[in-house]
Amino acid sequence: MADCLDSILADFLLPLYLDHTKVTMNGEGRPHSINGSKSVLYPVHSTSSKRRRRCTSRKVLTCLVYLFSCTTAALLALFLLYFFKYQNKLNNEVCETSSCVIAASEVAVKMDASADPCEDFAQYACGNFYRTATYSEGKTYHTPFSALDEANLKLIKSLLSEEERAEDRMYVNNMKRLYKACLDEATIERIGLKPYLRSPFAQEWPTLIGRNWSGEVTFDLNEVNSAFMSVAIQPLFSISITVDIVNSTKHSLTLDDPHLSLSRKILRKPRDAPEIQALQNFLTDFAIELGADAQVAAEDAAAVVDLDSALAKILVPEEERRNFSMEYNPMTLAALGERYKFIDIPQAVRAIFATANLTVNDSQEVIVKYPAALDRMSVVLNNTDTRTLLNSFSFKYAYSRTNRLTKRLRDIALSLERILYGKTEEEPRSEMCVNKVIAVFPFGIGKEFIRKNFPEDSKIYMNTMIDNLQAEFENQLHSATWLGKTTKAEAYRKLALMSRKIGYPDKDFSEEDIDHKYENLTMNASRYYENLEVVRVQNSVASLLKLAEKTDKHEWNTGPHIVNAFYDYTKNSIFFPAGILQPPFFSAQYPDSLNYGAIGVVIGHEITHGFDDKGSQFDRDGNLRNWWQRQDMKNFHEARRCIVQQYSNFSDDTINMNVNGITTQGENVADNGGLKQSYRAYKRLMAREGEPKRLPGLGLTNDQTFFLGYAQLWCMKMTDAMKRLIMLKNSHPPGEFRILGPLQNSPEFAAAYKCPVGSRMNPEKKCSVW
């Protein structure tokens, strides 16, 4: 009997048990592991067959009873074993760490689970956010970006609020002094308008002088323009030092459009548009507060608005400012002087460089972005009287100093911002002051922020994610049938040489380096206006000195605390500052489904910028060069046109405006490409490492969590005025359309949420570039 039982156990129960334990230890249940277990047991089955034949006929019934009993017991044991295994598997599939619980709660609190994800995923992902989110004091929008930025500002504020210490670095104490001077509203109000009114730009402002101004007799446009340009007011054209887009190893002197009072798109609106009337009222009230007669101020303000509107209409529209080759028009200073007789451009350039004790000669090359706009400017200036020209210049100077002066002037500015953005109150003074210190000392603030708020393992995790995303973009290049071999080879090389900057600069970022960088910025804790004049002068000198320097491909153009990410065409480099490498965008403790849905898509977005309609004009070294075969470029244009048309059809009924598919196409191509790359990189990672644990309490698969994490990046609540402004002039569409567009184009999203073909979120026609 024992032999019979041994036989049954050997041939039936043992292989099942060993198969089961093998799967459990393997963790994935791969077929080759199970087959291997069975093959090991086959010899046992073979050696037991003779023993079974020794069971006599008298014992058959008893043997069968035992067999039935043992089989029943074994099946019950297996059932219980598998039941508990399944229960453990369910428990093991859910991430129950504090980070996951917090992440799940933050995801859930934004959602409207009653919405149909296949009809309006923006409402499904962000519906409760739209309903409950409130604007912080002085704000006109609320987003995950702005929320994290506010959290960062609180951390920075606590640092700046500490008392100066002798042992602290020079840059740290100078930051604290500037912050203290900015907060000292009592002193600012006591001093009042005196610092501004002492300047010659105030004393010669026709509106303040009144009807007795007689400066037209001695007015010299070239001298006046040069004087204002030397203090960073650039009312007819702007001069800056930029990276040369054809040879990115050097800097160039660049001539571009003037700095107008408002966006050119707003200034092109009809004269009776609310924004234009608000601008005129603002100019009037501003001048009155500075001492002008009310009637004179109103008349002069109307003329200044007319001038800026006329200038806006001769400038090249944003829709046509996407071809960098058209913007690269090198001329010598001498040639500029010969071509444009109505204004002495060489004189203005020399006046700017004289502020840094530098000289430029007639052979100095200048990159003129849009010569035709300058050609048209002479007509506008010939039709404008000298009083209006000087009033326009003087107002821009005064307005640039508003935040250094009295609260009454800031309140007048708020009246304009109420119409433009829907802003109803100033932000807290402390927040304004923190932002001013950040603007002046971005790397000093960044150094202290990193010290307190950036775990180094974030760099390791991010590097791995970037590797995976770049590998996926390479796969997409490989499968792009619309690209020929020659163009594809160039794209591979550009991708391979794309550099990355994560967290903070790897060079020139020691405390000694930062002290040296800001050694000429000595701040006074009680002289706010004068502090900012020192900053303006020193920044101008530092910028002008760059003209003679080689570019540095390792240089950061932004502080590490920033909650954003960037691609730099001329460096062929992607930037991920420490500021954005925090929840809800990223955490080394998050499951991969959430990280790849959030920061992973951001990484893919920035990579794709290297190959969007603008980035595609630059080669692997960051130089403007056409590396595309003609047919490939034609195919690329057709793919982009689909995106342009799709987004142009998105409309916001609350403000009765459509997305501008042309001016937003670069961002839209990057959003679509980033989503596709990150999802595929995530799935490839899962194929290697297995599924991550799910977020608790949501009842969502990991794929669903991925797409939800992406969508919630763009939960955005804003005033109607702010939304109109974004639709009018921003290169990004509002958040709702950043959710809808890429997900409508994603078959993987439709599969994850089981959206039927023809539903709003799964249209038959889909657009794809990368």
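Structure notes:
- The set of residues in segment 570-583 being crowded, with 22+ Cβ neighbours inside 10 Å, over 13 Å from ILE502 (Cα atoms) and touching a helix residue (DSSP H, G or I) at 6+ places or on another chain (Cβ under 9 Å) consists of ASN572 alone.
- Selected residue (criterion: nearest to VAL601 (Cα to Cα)) from residues of segment 533-571 that are of a type in the set (Val, Ile, Thr) and within 30 Å of the chain's Cα centre (by Cα): VAL563
- Set side by side, the residues ALA166, ALA147, ALA186 differ, and just one is out of contact with any helix residue (DSSP H, G or I) (no Cβ under 7 Å at 6 or more places or on another chain), under 17 Å from MET432 (Cβ atoms) and of a type in the set (A, V, I, L, M), which is ALA186.
- Residue in segment 362-398 that is surrounded by the fewest Cβ atoms within 10 Å (Cβ to Cβ), counting only those that are charged (D, E, K, R) and closer than 18 Å to ARG211 by Cβ: ASP385
- Test for ALA335: is it touching a helix residue (DSSP H, G or I) at 6+ places or on another chain (Cβ under 8 Å), farther than 23 Å from SER731 by Cα and in the same structural domain as MET229 (by TED's automatic domain parsing): no
- Selection count, segment 268-279, where residues are closer than 20 Å to THR388 by Cα and surrounded by 18 or more Cβ atoms within 10 Å (Cβ to Cβ): 3
- Residue within segment 368-390 that is within 30 Å of LEU521 (Cβ to Cβ) and either at pLDDT below 95 or in the same structural domain as PRO206 (by TED's automatic domain parsing) (or both) present: no
- ALA681 being of a type in the set (Gly, Ala, Ser), over 21 Å from ASN649 (Cβ atoms) and at pLDDT below 95: no
- Within the set SER540, SER479, SER499, the sole residue that is small (Gly, Ala, Ser), farther than 30 Å from LEU183 by Cα and in contact (Cβ under 8 Å) with a residue 24 or more places away in the chain turns out to be SER499.
- Of the numbered criteria (1) assigned by TED's automatic domain parsing to the domain that holds LEU290; (2) touching a residue at least 12 places away in the same chain (Cβ under 8 Å), the one LYS176 fails is (1).
- A count restricted to segment 674-713 and to residues that are of a type in the set (A, V, I, L, M), in contact (Cβ under 8 Å) with a residue 60 or more places away in the chain and over 14 Å from GLU93 (Cα atoms) stands at 6.
- Some residue of segment 741-764 being within 30 Å of LYS423 (Cβ to Cβ) and crowded, with 17+ Cβ neighbours inside 10 Å: yes
- In segment 210-230, the residue that is farthest from the chain's Cα centre (by Cα) out of those that are of a type in the set (Val, Ile, Thr) and surrounded by fewer than 17 Cβ atoms within 10 Å (Cβ to Cβ) is VAL217.
- If you go through segment 404-432 and keep only what is part of a helix (DSSP H, G or I), within 23 Å of the chain's Cα centre (by Cα) and over 18 Å from ALA278 (Cα atoms), you end up with GLU431, MET432.
- Any hit, segment 341-349, residues being of a type in the set (Phe, Trp, Tyr), surrounded by fewer than 17 Cβ atoms within 10 Å (Cβ to Cβ) and in contact with a strand residue (DSSP E or B) (Cβ under 6 Å, 6 or more places away or on another chain): no
- Segment 443-460, residues that are in contact with a helix residue (DSSP H, G or I) (Cβ under 8 Å, 6 or more places away or on another chain) and either under 17 Å from ALA588 (Cβ atoms) or among the polar types (S, T, N, Q) (or both): ILE450, ASN453, PHE454, SER458
- Members of segment 521-532 that are over 12 Å from VAL440 (Cβ atoms) and within 31 Å of the chain's Cα centre (by Cα): none
- Only residues that are crowded, with 18+ Cβ neighbours inside 10 Å and either in a helix (DSSP H, G or I) or of a type in the set (Phe, Trp, Tyr) (or both) were counted in segment 109-129, giving 10.
- Identification of helices (runs of 4 or more DSSP H) wholly contained in segment 567-666 with 3 or more residues that are free of Cβ contacts under 8 Å to residues at least 60 places away in the same chain and over 24 Å from ILE450 (Cα atoms) yields 630-648.
- GLN645 being polar (S, T, N, Q), out of contact with any strand residue (DSSP E or B) (no Cβ under 8 Å at 6 or more places or on another chain) and closer than 26 Å to THR663 by Cβ: yes
- Residue in segment 187-198 that is within 31 Å of the chain's Cα centre (by Cα) and at pLDDT 95 or above present: no
- Some residue of segment 517-538 being more than 30 Å from VAL360 (Cα to Cα), buried (at least 20 other Cβ atoms within 10 Å of the Cβ) and modelled with pLDDT under 95: no
The values are calculated or read from the model by the stated rules, or taken from the named source; none is laboratory data. Every value quoted in this text rests on a predicted model; they were computed, and no experiment measured them. Reconstructed Cβ throughout: ideal geometry from the backbone, glycine too, with neighbour counts over all protein chains shown.
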